[in-house]
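The values are calculated or read from the model by the stated rules, or taken from the named source; none is laboratory data. Here the structure is a predicted model, which means the values were calculated and not measured. Methodologically, a virtual Cβ is constructed for each residue, glycine included, from the backbone with ideal geometry; neighbour enumeration extends over all protein chains shown.
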Amino acid sequence: MSFYLSAVILGLGFASLAMGIFISMRIFNIPDITTDGSFTLGGVVAAVLISGGHSPLVALPIAFLAGAIAGALTGIIHTRLKVNALLAGILVMTALYSINLALMGRSNLPLINSPSIFNSLFIPGTEVQQQFIVLIIIISIILVTLVWLMKTDFGLAMRATGNNEKMIRALGVNTDVMKIFGLALANGLTAVSGYLITQVQGFADINMGIGIVIIGLGSVMIGQILFSFKRKETIMIQLLGVIVGSILFRMILAFALSIGIDAIYLKLVVAVFVLAVVSIPNIKSKA
C-alpha cells in the first residue's frame, strides 16, 4: 500500500507540471520543450536555496519566477524573433542545462537532513502523511487560482488566442503578449513541480528533467480521455482531469514495476503508454 501511496504523492508532485503542459499544449497549441529545462530549474533553485540555509517557503516563489522567466524567453524568441515555437523551446532548454549546472556547481545536489516545504508547515503526522497533505493543499491552491484566472477577461483572451488567433487579434488583443504570458505561466508551474519533486526525492539532479514533457503530455491525455464523456468540459473539469491523469500515470508506472518490469525499461514503458493514450482519440474518431 505504501508503494502506491508514494506513487500518488509523485503524481501530485507532477500535477503542477501537467497543468503547465495543459496551458502550453491544449490552450496555446505550442509544443514547448522548455519544460525539460524549467522543471530542472525549479528543482535546482529549491536545492541551492534550501542547502544554503534559506526557507523552503522563500524558495517556492523564486522557483516559480525562475521558470516563468525561462518560459517568457521562449515566448519572446518565438513571437518577437519569429523563431518556430518548437525550436525556440529547444534553444532555451539547451541554455538552461548550462545555467542549471552553473547554479548547482555539480551534477547532483543532495538535501539530506535539510528542511523541506513538507515539514516547514508544522503539519502533524508521518513524513508521507505530511507530503500528501501539503501537496493536496498546494495543488488545490494552483487549481483554484488557474480556474479563476481562466474565467477573467484576460484568461478568456488567452484561451481565444489558442482557439482562433486571427479572430482575437482582429478584436484588438495583442496575441504575442498572450503567448509570452501563457508560456511564462506554464513554465512557472513546471518549475514549481520541479521544486516539489526535488524535496520529495531529496535531491536535485541535472538530468531530472530529461523527457519530463512526456509525463506531462501523458497526464493531460489521460485526463482528456477520462472526462471525454462530459458534453460540456469546463476549465475546472479539464484541470481536474489533468490532476487525476497525473496521479493515474504514476500509478500505472508503479504497477509496471510491481509486476516485475525491469526499471531500465521504464522509459520504454512510458513511451509506449503515452503513444497508446495519444492514439486513442484518433482511433475513436475513425470508428
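Return yes when residue 221 is modelled with pLDDT under 90 and out of contact with any Cys (no Cβ under 6 Å at 6 or more places or on another chain) and no when it is not. It is true that residue 221 is modelled with pLDDT under 90 and out of contact with any Cys (no Cβ under 6 Å at 6 or more places or on another chain). Residues in the stretch 187-240 that are farther than 28 Å from residue 57 by Cα, of a type in the set (S, T, N, Q) and in a helix (DSSP H, G or I): 224, 238.
Whether a residue is of a type outside the set (Phe, Trp, Tyr) and under 14 Å from residue 104 (Cβ atoms) was assessed, and residue 46 passes this test. When the residues of the stretch 125-142 are narrowed to those that are without any contact (Cβ under 8 Å) to a residue 60 or more places away in the chain and in a helix (DSSP H, G or I), which ends up surrounded by the most Cβ atoms within 10 Å (Cβ to Cβ)? Of everything passing the filter in the stretch 125-142, 134 is surrounded by the most Cβ atoms within 10 Å (Cβ to Cβ).
Residue 32 passes every criterion in (1) touching a Lys or Arg at 6+ places or on another chain (Cβ under 8 Å); (2) outside any helix (DSSP H, G or I) apart from (1).
If I go through the stretch 165-178 residue by residue, how many of them are surrounded by fewer than 24 Cβ atoms within 10 Å (Cβ to Cβ) and either assigned to a helix (DSSP H, G or I) or touching a Lys or Arg at 6+ places or on another chain (Cβ under 9 Å) (or both)?
9
One residue stands out among those in the stretch 218-272 that are among the small types (Gly, Ala, Ser) and surrounded by fewer than 16 Cβ atoms within 10 Å (Cβ to Cβ): the one that is nearest to residue 147 (Cα to Cα), which is 228. Residue 162 satisfies every condition listed in (1) crowded, with 20+ Cβ neighbours inside 10 Å; (2) closer than 26 Å to residue 45 by Cβ except (2).
Which of the residues belonging to the stretch 185-216 are farther than 22 Å from residue 47 by Cβ and surrounded by fewer than 23 Cβ atoms within 10 Å (Cβ to Cβ)? If the condition is that a residue be farther than 22 Å from residue 47 by Cβ and surrounded by fewer than 23 Cβ atoms within 10 Å (Cβ to Cβ), then 214 is the only one that fits. Where residues in the stretch 66-117 are aliphatic (A, V, I, L, M) and without any contact (Cβ under 8 Å) to a residue 12 or more places away in the chain, which of them is surrounded by the most Cβ atoms within 10 Å (Cβ to Cβ)? For the stretch 66-117, the residue satisfying everything is 83.
Yes or no: residue 62 in a helix (DSSP H, G or I) and touching a Pro at 6+ places or on another chain (Cβ under 6 Å)? Show your work before the answer.
Numbers: in a helix (DSSP H, G or I): yes; touching a Pro at 6+ places or on another chain (Cβ under 6 Å): no.
Considered against the rule, which asks whether it is in a helix (DSSP H, G or I) and touching a Pro at 6+ places or on another chain (Cβ under 6 Å), residue 62 comes out as no.
Could you say which residue among 57, 17, 41 is in contact with a helix residue (DSSP H, G or I) (Cβ under 7 Å, 6 or more places away or on another chain), on the phi < 0 side of the Ramachandran plot, part of a helix (DSSP H, G or I) and surrounded by fewer than 24 Cβ atoms within 10 Å (Cβ to Cβ)? Testing whether each residue is in contact with a helix residue (DSSP H, G or I) (Cβ under 7 Å, 6 or more places away or on another chain), on the phi < 0 side of the Ramachandran plot, part of a helix (DSSP H, G or I) and surrounded by fewer than 24 Cβ atoms within 10 Å (Cβ to Cβ) leaves just 57.
Is it fair to say residue 22 is crowded, with 24+ Cβ neighbours inside 10 Å, within 22 Å of residue 207 (Cα to Cα) and touching a residue at least 24 places away in the same chain (Cβ under 8 Å)? In short, no. Answer with yes or no whether residue 122 is loosely packed, with under 15 Cβ neighbours inside 10 Å and closer than 22 Å to residue 18 by Cα. No, not satisfied. Which ones in the stretch 199-222 are under 14 Å from the mean Cα position of the chain (by Cα) and under 15 Å from residue 19 (Cα atoms)? Residues satisfying the conditions are 212, 213, 214, 215, 216, 217, 218, 219, 220, 221.
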